[in-house]
Each structure stands twice: as C-alpha cells, then as structure tokens.
Ligand SMILES: [Zn+2]
Ligand SMILES: [Zn+2]
C-alpha cells in the first residue's frame, strides 16, 4: 500500500496551509480573492489551482496484466465495504467475491482484459459502458488526457473557516491534496460493478478519468505533510470549507482521542478543528462539511470548477455525482 514521501513542513494551525503544498503541486501561484460563502458571509478565499498530477509519487499501477500478478504490480479496489489489492488472484476470485458467475475479467489463459488503448478506455469510462468493455479492468493513462497533459483543478477555499450549526453534504471536489490532486466524492461503485468492470485505483487511492484526469477517492497515507504526535495523523489535504483533512485514524487512535463527529472531525489543541479521512474501503474521503463553502457549490463559482468543467459521469456507468 501507498508510499508517502513526507516533507519536513510541520503543520501549525496558526500557519496558513497554502505553505503545505509540495513543490510542483500547484499549477499557479495561490491568490486571494473576494468570495461569498454558502451562509452569505462575504470574505476572502484562497484561489488554488492544483497541478492534477501527484508531486510525490508516480501515477499507477492500476490493473493487473495477468492472473498471476502480485500486490507490488497492481493497485487497489474498494467497494464501500472492503479494500482489495487488484492482484491476479483478486481477478480470479471476482465471481465468489461478488457472488456472480458473470464475472470474467480474464481470457481463461492467464491474460486479464485491461483497457489498453485510449479508445477502449473512453468507451469503458463512461456512463453506459459499451457492451464489449463489460468484464474489463478499466484504467486510464495520463498520456491519453487531452494534449497528454494533466487536468488542473481550480478551487476557492475560505481563508478563515466559518463554522456552521449543521453539517452540509460534501460534493466533489471535496478538497485538494498537498501533493496536487483533487479529491472526488465516492466512486459510483454499484454502477461500475453492475457493468462487471473494476475501475482500479493506484495505491494512493487515485485513478484517471477522461474529464478530471487524475483524482483521488481514498486516503491511504499519500501526500501527508509533517509528523503527527502520537494518536494523531498528519494532514494531507484541505477541504472546501478550509478545514484540513488528516490521514485515517485507526480504531486504537480513536480510542485515545474520543469519538469523531458526524463529518469525521474533532478539535485538538495542536491542530484546532480538522477532519480525518474515512477509512479507504468506505469509498469517500469525507461525507460532509462542518464549515461553509463558497457559494455556487464546491469548486468555486459557476464555471470555475476546473478547466473543462467535468460533466457528470466519467468513469462509471450511469451518471452519479461524479465518479
Ligand atoms: Zn485529529
Ligand atoms: Zn474516479
């Protein structure tokens, strides 16, 4: 599972988090703009444009090529309940994992069906998967993106978080990571599985779709900055409401720090209020925000959600929120 290059930056709640972005994580300098939040607050926001390619690790690997592929050669899959390494054995076990004999992602001779061309990828990574790409392991490559370039994402995030009385549901993008990647909402797992496809993630919980480029769905420890004290984890991202997102807390740590709130957040002396990413198998880094986000929805004002403004749908069969 995920390697994580850690920078030496020490997170300090009084320091401004834009300094935590790793070299290469941003496509533009951070600027401060006027913004209006969902609760009507007129304030200042950071405008952040992430590079869309992780600054601290390679993209991939995703799918196995053979039914003997081992953990080191492949990425992961998560379905809301379990986290799997997408090994050859996983491919062979799919009919029993999902209790469905129609699963057959290999040719019976050890070769796994993988979207190996841009055309195959685009046909498989869309709302209605072309029939010939059912029973495929779906993966995209950065070089298949428009002009072969990473897709940048621009967001506006309040400089000072404004705490709300009630939680609001999180929408994509949920935030941006300090290694330069957008964090998307839950992947539409039911639709992906319904087409007998596996939209594999790399060990850092990210994958590529034609619209958003590389984006992440699960926190596995990549992109964390600084060292956290015992019982805590380091931050790896900022959420759209301006609170930081720290790595997953294991159950032992939760025992020490006490329960997290409905949005998986809590307040500590060292970090102030912050979130912890949900466990990767749960599909979705956060489900809600406790702070106000920029009016017009996460991603900033209309039309600024990111170049090319991703249409709904993407890698999954039937359009869901994103994918
Ligand atoms: Zn914490
Ligand atoms: Zn996705």
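The values are calculated or read from the model by the stated rules, or taken from the named source; none is laboratory data. Keep in mind the model is a prediction, meaning the values are calculated, not measured. Neighbour counts run over all protein chains shown; Cβ positions are idealised from the backbone, glycine included.
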When the residues of region 163-188 are narrowed to those that are in contact (Cβ under 8 Å) with a residue 24 or more places away in the chain and surrounded by fewer than 20 Cβ atoms within 10 Å (Cβ to Cβ), which ends up nearest to residue 224 (Cα to Cα)?
171
Find the residue count for region 262-278, including only residues that are in contact (Cβ under 8 Å) with a residue 60 or more places away in the chain, in a loop (DSSP other than H, G, I, E, B) and surrounded by fewer than 18 Cβ atoms within 10 Å (Cβ to Cβ).
2
Quick check on my filter: what residues within region 198-230 are within 16 Å of ligand 2 (Cβ to nearest atom), at pLDDT 95 or above and in a strand (DSSP E or B)?
198, 199, 201, 206, 207, 208, 213, 214, 215, 216
Per the filter on region 231-258, residues within 12 Å of ligand 1 (Cβ to nearest atom), free of Cβ contacts under 8 Å to residues at least 60 places away in the same chain, more than 14 Å from residue 279 (Cα to Cα) and not in a loop (DSSP other than H, G, I, E, B) are 256, 257
